[in-house]
Amino acid sequence: MNTIIESIEKAQLKTNITPFKIGDTIRVYARIVEGVKERVQMFEGVVMKRQNGGSRESFTVRRVSYGVGVEKTWPLHSPRIDRIEVVRRGVVRRAKLFYLRKRIGKASKVKEEIIKKTVKVKN
């Protein structure tokens, strides 16, 4: 019975997911259905948490809009998610960033990861 469930869940997994982690600032492009029309809406914010695994994996993104904190949670392998873009890489030392809910303004920023690029010099 367990192998049957695993085979069904493997068929539902997406393969083209952009790798991201907690603390990263990402843009989630989600398909929204309004009546007969369908459109893609962007939501940009900091990844607060990722939980579970496999086909049940979900993630929560938080942003502050007009002074109000807004959090959205999506299943990672949902067909409603069009694509995910990583805007900035963050440096955090926790698995869940719930402390951001209490912070306001610049205090709610996550430290950005500085990517060092090596430059080869021709002699």
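The values are calculated or read from the model by the stated rules, or taken from the named source; none is laboratory data. Just so it is clear, the structure is predicted and the values come from calculations on it, not from any experiment. Cβ coordinates were reconstructed from backbone atoms using ideal geometry, including for glycine residues, and neighbour counts include every protein chain displayed.
Points to keep in mind about this one:
- Count - residues of segment 90-112 that are touching a strand residue (DSSP E or B) at 6+ places or on another chain (Cβ under 8 Å) and either closer than 14 Å to R62 by Cβ or surrounded by 17 or more Cβ atoms within 10 Å (Cβ to Cβ) (or both): 8
- The sole residue among E71, E44, E38 that is free of Cβ contacts under 8 Å to residues at least 40 places away in the same chain and under 29 Å from I115 (Cα atoms) is E71.
- Condition met for I8 (in contact with a Ser or Thr (Cβ under 9 Å, 6 or more places away or on another chain), surrounded by 15 or more Cβ atoms within 10 Å (Cβ to Cβ) and either of a type outside the set (F, W, Y) or not in a loop (DSSP other than H, G, I, E, B) (or both)): no
- When V91 is tested against (1) more than 25 Å from L13 (Cβ to Cβ); (2) free of Cβ contacts under 8 Å to residues at least 60 places away in the same chain; (3) under 17 Å from the mean Cα position of the chain (by Cα), just one condition goes unmet, and that condition is (2).
Each row is one residue, and each column tells you yes or no for (1) surrounded by 13 or more Cβ atoms within 10 Å (Cβ to Cβ); (2) within 16 Å of G90 (Cα to Cα).
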site	(1), (2)
T18	no, yes
R39	no, no
M42	no, no
G54	no, no
S58	yes, no
G67	no, no
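Results for (1) closer than 28 Å to I8 by Cβ; (2) modelled with pLDDT under 90; (3) in a loop (DSSP other than H, G, I, E, B); (4) out of contact with any Cys (no Cβ under 6 Å at 6 or more places or on another chain), shown as yes or no for each residue.
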{"residue": "T60", "(1), (2), (3), (4)": "yes, no, no, yes"}
{"residue": "V70", "(1), (2), (3), (4)": "no, no, no, yes"}
{"residue": "W74", "(1), (2), (3), (4)": "yes, no, no, yes"}
{"residue": "V87", "(1), (2), (3), (4)": "no, no, no, yes"}
{"residue": "K117", "(1), (2), (3), (4)": "no, yes, yes, yes"}
